[in-house]
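Below is one structure, written out as structure tokens; the observations come after it.
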Amino acid sequence: MHYRIYLSGEIHSSWRDEIITGCTNLNLPVSFFSAIDDHEASDNAGEILGAEEKQFWKDHKSAKINVLRTKTMIQKADIVIIRFGEKYKQWNVAFDAGICTALNKPYITLHSEELIHPLKEVDAASLAWATSTSQIVEILEYTTRKQFYFILYLTFGFSILK
């Protein structure tokens with residue numbers, strides 16, 4: 001089975017590249033997509049609809065355009081990886097976890113132990129909590145692993161299951 005994985009979260013580190021490289025090196029049957037990771041472009045997406053004098057309306061329009069992309073991609077994903085970084089408060093990422101929960105979309109959180117308490121509800125709804133990108137790659141490797149009995153069925157036309 002091929003999994004479509006949405007990478008949600010902080011945009012200030014190389015965590016996405018680490019997961020993609022790890023999965024590519026293992027030749028896993030996965031494809032990835034992500035939010036816009038250009039912070040300035042994301043913050044200014046609302047300017048497509050015209051400039052705003054007040055920061056609230058600028059942010060409001062940009063947020064709606066960004067959620068249009070985010071929600072659509074989460075709906076298309078089989079698994080969502082949600083990364084909370086150390087430096088910034090990422091309320092939008094917590095919102096992505098809420099979208100996943102509302103859509104009954106499986107997600108994995110990725111964050112340090114220091115964030116356990118503030119993210120307890122987000123983690124409670126996740127299917128796994130990882131502290132490193134290598135753990136994410138291992139989870140994806142395990143999840144995409146073919147089963148022996150399935151190979152027997154395809155090869156010989158029978159199954160060991162009754």
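The values are calculated or read from the model by the stated rules, or taken from the named source; none is laboratory data. Computed from a predicted structure; not experimentally measured. No Cβ is skipped: glycine too gets one built from the backbone with ideal geometry, and neighbour counts run over all protein chains shown. With ligands, DNA and RNA removed, areas are computed over all heavy atoms of the protein, side chains included. Shrake-Rupley method; radii C 1.70, N 1.55, O 1.52, S 1.80 Å.
Our note on the geometry: Cα centres of the stretch 1-73 and the stretch 105-129, 19 Å apart. Taking a ≥ b ≥ c as the square roots of the Cα gyration tensor eigenvalues, with a/c under 1.5 meaning rounded and otherwise prolate when a/b beats b/c, else oblate, which class fits the stretch 62-154? Cα axes put the stretch 62-154 in the oblate bin. From Cα pairs below 8 angstrom and at least 6 apart in sequence, can you work out the relative contact order of the stretch 1-76, rounded to a whole percent? About 31 percent, as a whole number. Taking each of LYS105/LYS146; LYS61/LYS120; LYS89/LYS146; LYS64/LYS87; LYS54/LYS105 in turn, the alpha-carbon distance tops 27 angstrom for LYS61/LYS120; LYS89/LYS146; LYS54/LYS105. Among ILE136, ILE99, ILE48, the residue with the largest mean-square fluctuation in a Gaussian network model of the chain, with springs joining Cα atoms closer than 10 Å, is ILE48.
Put a dot 7 Å past the Cα of GLU138, heading toward its Cβ, do the same for THR72, and the two dots end up 3.7 nm apart.
Here the extension length gained between GLU47 and HIS117 equals 21.5 nm, from 0.36 nm per residue of separation less the Cα-Cα distance. In sequence order, the stretch 122-131 has phi-based couplings of 4, 5, 4, 8, 7, 8, 6, 10, 10, 10 Hz under the Karplus curve 6.51 cos²θ - 1.76 cosθ + 1.60, θ = phi - 60°, and Gly or Pro positions carry x. Only helices enter the 222 nm calculation for the chain: every DSSP H run of n ≥ 4 contributes -39,500 (n - 2.57), and dividing by all residues gives -14500 deg cm²/dmol, rounded to 500. Ranked by the mean number of other Cβ atoms within 10 Å of their residues, highest first, the peptides 49-57, 15-23 come out as 15-23, 49-57. Computed from the coordinates I sent, Rg/Rh (Cα atoms, Kirkwood Rh) equals one of (1) 1.00; (2) 1.06; (3) 0.93. Tell me the label. Only one option fits the structure, namely (2). Take every pair of alpha-carbon atoms less than 8 Å apart whose residues are at least six positions apart; their mean separation over the length of the chain yields a relative contact order of 25 percent.
Taking the longest Cα principal axis of the chain as reference, the axis of helix 133-144 is set at about 50 degrees.
Annotation: per residue accessible area for the chain equals 65 Å², rounded to a whole number [probe 1.4 Å, protein chains only]. How much of the accessible area of the chain, probe 1.4 Å, is carbon plus sulfur, in whole percent? Carbon and sulfur together cover 57 percent of it.
Under 5 Å from the amide H of TYR3 lie the amide H atoms of VAL30, SER31, each residue being 5 or more positions distant or on a separate chain, with H modelled from the backbone and absent for Pro and chain starts.
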